[in-house]
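Throughout, read-outs are computed from the coordinates displayed, never taken from laboratory work. All values derive from a computational prediction rather than experimental measurement. Positions of Cβ are generated from backbone atoms using ideal geometry, with glycine treated the same way; all protein chains shown enter the neighbour counts.
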Amino acid sequence: MSKSLAFLITLISATSVSAQSNNDYAPPAIEVDGLRGIPIDILSVDSQMVFDFSSKSVNVISDMNFKMIGEKGFPLFDLRQEITSASLNGEDIDITKLAAHDFGKGTGTMRIIESECAMKVVNVLHLEYTLSKPSSPAAINIKWDKAGMTFDTWYSDLNPGRYAEQWFPANLLYDQHPLNVDLKLVGAESEHLMITNGATTVVAEHDWQLRFPETSTAFSHMIVVVPASEVDVLSEKGDVNGEEMRIDVYCRKDAPTSAVHVLNETAISLRKYSESMGKWDHGNDCIVYVWKGNRSMEYDGATTTALGALDHEIFHSWFGRGVKPASQNDGWWDEAFTVYFADGRRPNKRVVQKEGKPVTLSSNNPYNRITPGASYSLGAVFFGRLAYLLGADELHQHMSDFYKKYTGHVASTADMENFLVAESGNEEVRKLFARYVYGHSE
């Protein structure tokens, strides 16, 4: 097939996709290395991944369909893999024109497409690359061993470049769009399992089509492929506050628990939070993958987790992956409220009664890509201060209403602040945000 014909087919399909436009949450244009970088609105990303067991290699083809936002300049995106070939709107582009540039502390690198793209139309960036360990802090590589192969998207909030951009072309968190992944294993000698929160079609053995919805952001996608021999699987349907749900549990055989125990604990969490916060907003499935150790991560309606963090991670499907932070400057509140509410870490009344030092949880860097570690501790104290001001029951009700208003969408710190002020009628809320979220001393 000619490149021009391939581009035409891609363009036709791109014009039919839809995505939630959150352009008002996009950061402003930025000057980096003499280039004017412009945020984009991704409409969809379509990727084909072929895992070849004989060569222990993974070849990927990705098409990123996007529009420019606001003004002329060079489009911004991220991918933490080494690109081998590329085209833009059907024309070859030198991969040096897609280089990563250092955006400074707290942001790390992003790629700038050194080509001005047409405004108000769909542009298509076609990329080809071979997967290796992502050039992201504390990333992990694909594991090949005698049992087979293990792949894990392994997202993280605590380092820049640790979301979808590890494996696919991606945007910052404000952007919501579909991700379509066709993933195939070639030459696998043993059975492997696909563990994912994407809608899955099994084309053939070890050949899957994964479809993630338009509500997805760069931190939504859980994709884990593991040898079947390493995991116990248990699936069960049940009633969760009047809604039929299926819980799919994948428990590693070296985890210090059983699939039955994990399923029971998951059901308890789902009932508890659907009653206290609002309806589960991730279809009728909850996907749980449990391992030994203490590494845990939340995804939309799913988690990869240690047993001790299971309840915490399930709650994130309400706060964090139900209502989603619009940027990592807003990532503090999904951890802070989860620690406060789900983990039950209520600060001592003596702490919240007296004035504390200013705390910056929400950075003023619009390109920040790190959730501050203080979110888990001082962020929980902030919600304790709100509870002391408004009353714990009133705060609970307001946060439940906030979830119901924004679930399936992104929300900023300002959205939360304005919502709480409007619902409570208490302007003192702004003073708490000013001192203990934005770090203002006055």
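What to note about this one:
- Reachable aspartates and glutamates, given that their alpha-carbon falls under 15 Å from the alpha-carbon of LYS143 and they are not under 8 places away in the same chain: ASP52, ASP152, GLU230
- Estimated FRET transfer efficiency when R0 is 35 angstrom, pair LYS279-ALA118 (beta carbons, to 0.05): 0.25
- Cut-off under 5 Å, modelled amide H: who pairs with GLY198 long-range: MET222
- Extension gain, THR84 to VAL50: 0.36 nm times the residue separation minus the Cα-Cα distance gives 10.7 nm.
- The separation of segment 51-76 from segment 205-264, counted between C-alpha centres, amounts to 27 Å.
- Label separation (ARG246 vs HIS101): 4.7 nm, computed from points 7 Å beyond Cα along the C-beta direction.
- Percent of alpha-carbon pairs separated by more than 31 Å within the chain: 42
- For the pair GLU394 and SER441, a Förster radius of 35 Å applied to the C-beta separation gives a FRET efficiency near 0.80, rounded to the nearest 0.05.
- Of the GluC sites (Glu not before Pro) found in segment 297-386, those in coil by DSSP whose Cβ has at most 13 other Cβ atoms within 10 Å are GLU355.
- Legend: distances between Cα atoms for LYS253/LYS405; LYS272/LYS324; LYS272/LYS405; LYS292/LYS324; LYS67/LYS133; LYS67/LYS405; pairs beyond 31 Å are LYS253/LYS405.
- Across segment 286-292, rounded Karplus estimates of 3J(HN,Hα) from the backbone phi angles (6.51 cos²θ - 1.76 cosθ + 1.60, θ = phi - 60°) give 10, 10, 10, 10, 10, 9, 7 Hz, Gly and Pro being marked x.
- Taking Lys and Arg as +1 and Asp and Glu as -1, the other residues whose beta-carbon sits under 10 Å from that of ILE195 total -2.
- Extreme residue, positive dipole direction of the chain, given options ALA302, THR215, PRO178 (C-beta unit charges): ALA302
- Percent RCO, i.e. relative contact order, over the chain, from Cα pairs under 8 Å lying at least 6 residues apart: 12
- From the largest down, segment 3-177 spans 52, 42, 30 angstrom on the principal axes of its Cα atoms.
- Taking other residues whose beta carbon is less than 15 angstrom from the beta carbon of ILE69, and scoring Lys, Arg as +1 and Asp, Glu as -1, yields -1.
- One decimal place: the segment GLU355-VAL421 gains 21.7 nm when fully extended, by the rule 0.36 nm per residue minus the C-alpha distance.
- Partners for LYS97 among aspartates and glutamates (Cα-Cα distance below 12 Å; same-chain residues under 8 apart left out): GLU114, GLU116
- Summing Cβ point charges (Lys, Arg +1; Asp, Glu -1) relative to the Cα centre of the chain gives a dipole of roughly 1060 debye.
- When only the Cβ of Lys, Arg, Asp and Glu is charged (+1, +1, -1, -1), the dipole of segment 324-436 relative to its Cα centre reaches about 400 debye.
- Taking θ as phi - 60° and the Karplus parameters 6.51, -1.76 and 1.60, the scalar couplings of segment 347-359 work out to x, 4, 4, 5, 6, 7, 6, 9, 6, x, 5, x, 10 Hz in sequence order, x denoting glycine and proline.
- The phi torsions of segment 429-436, fed into the Karplus equation with coefficients 6.51, -1.76 and 1.60 and a -60° offset, translate into couplings of 4, 5, 5, 5, 4, 4, 7, 10 Hz, rounded to whole numbers, with Gly and Pro shown as x.
- Loop-located trypsin sites (Lys or Arg not before Pro) in segment 288-352 (DSSP state not H, G, I, E or B) with no more than 10 neighbouring Cβ atoms inside 10 Å do not occur.
- Distance between the pseudo-spin-label points of LYS404 and ASP343 (7 Å out from Cα toward the beta carbon): 2.8 nm.
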